[in-house]
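J.: My questions will all concern the structure given below.
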Amino acid sequence: MNTTGAIRLSTNEFVSGLALSGYSELASQVINDLQLIKNEKEVERFVKQTEQLLRQKGYLDDTRESSLVSGLENLIHLLVQSRKKVRCVDMKKKQVLFFHHIHQSKTLIQHVKGNDHYFSFHDTESGFFQMLCNYYGVSGDMETNSVEPIEVTDQLFDGLHQTDSEVLMQMVRDQNLPATMRLFVNDFLGHGQELSNISFLESHYTKDESVIDQVVFLLPSESFIWHIDYEKVEQHQIFFVPVSVHEYFSKIDETVRGFFHLS
């Protein structure tokens, strides 16, 4: 995904920005969740170091109450106070992309790669289809008629997560297994034996709570998407359904628009 022109903050700088913007409790929560500070003695050193980094980047303004430049402070207010968010997790690249709904015409994008957070504004009217394709690294759009859906038990699927990678490679090479199963296992192995996911969240900062409205699990293949269907998981059945890139992310784009109540 292109992050050119985005505001870049390290995790420590982002936490410091939260605190300076008046969100000390949220900053403390992030610190504890990520174990950025091991004990209270490190707090003062942490604050001094991060504020110095913000100053070097030109993000501090001592004439303002928060000490942050207005642009960065406003961005943080928009991010925290955004009620509806979409979180896209890419387990292969170990990164996270957030769509923070602001208003009808603009969406605040937060792209977390390693220790860096990239923030930018996106024209909502242009949609999210291409951004999702770029983020998950898929460009092909083959027809999936030749790839049959796969049905497995939940027990078998859970076992795939724990199976040694060499055993999975043997499955990929096993000509006695159906070709579609070998293809899925190969994609699953290449994805670090984890599924990526897209979550639709409603958060309430003042109530310190976040509710997952819905979540979908996916596994990008070379030129299509495996949709993981859990609808019959109570009957111990899970389906791996091949879906074309265009159909899949067009549907996600439509769902995001509906979730944000966009026309």
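J.: Sequence gap at least 6, Cα distance under 8 Å: using those rules, report the relative contact order of segment 199-254 to the nearest whole percent.
T.: Relative CO of segment 199-254 lands at 22 percent.
J.: Of the accessible area of segment 50-135, with the probe set at 1.4 angstrom, what percent is carbon plus sulfur?
T.: Percent of accessible area from carbon and sulfur atoms in segment 50-135: 48.
J.: Rounded to the nearest 500 deg cm²/dmol, what is the calculated helix-only ellipticity per residue at 222 nm for the chain, with -39500 (n - 2.57) per DSSP H run of length n ≥ 4?
T.: Computed mean residue ellipticity for the chain: -11500 deg cm²/dmol.
J.: Also, I was wondering about something else. In degrees, nearest 10, range 0 to 90: what is the angle between the Cα axis of helix 245-259 and the longest Cα principal axis of the chain?
T.: The helix 245-259 is inclined about 40 degrees to the chain.
J.: Do any of Lys48/Lys92; Lys57/Lys113; Lys57/Lys106; Lys48/Lys106; Lys84/Lys232 go past 31 Å between their Cα atoms, and which?
T.: Lys48/Lys92; Lys48/Lys106
J.: Could you give the dipole magnitude of segment 114-170 about its Cα centre, charging the beta-carbon of Lys and Arg +1 and that of Asp and Glu -1, in debye to the nearest 20?
T.: Roughly 160 debye, rounded to the nearest 20.
J.: Please sort 14-23, 29-38 by packing, taking for each peptide the average over its residues of neighbouring beta carbons within 10 angstrom, highest first.
T.: 14-23, 29-38
The values are calculated or read from the model by the stated rules, or taken from the named source; none is laboratory data. What you are looking at is a predicted structure, and each value in this text was computed from that prediction instead of being measured. So basically every Cβ, Gly included, is an ideal-geometry build from the backbone, and we count neighbours across all protein chains shown. Please note that ligands, DNA and RNA were not included when accessible areas were found on the heavy atoms of the full protein model with its side chains. Shrake-Rupley method; radii C 1.70, N 1.55, O 1.52, S 1.80 Å.
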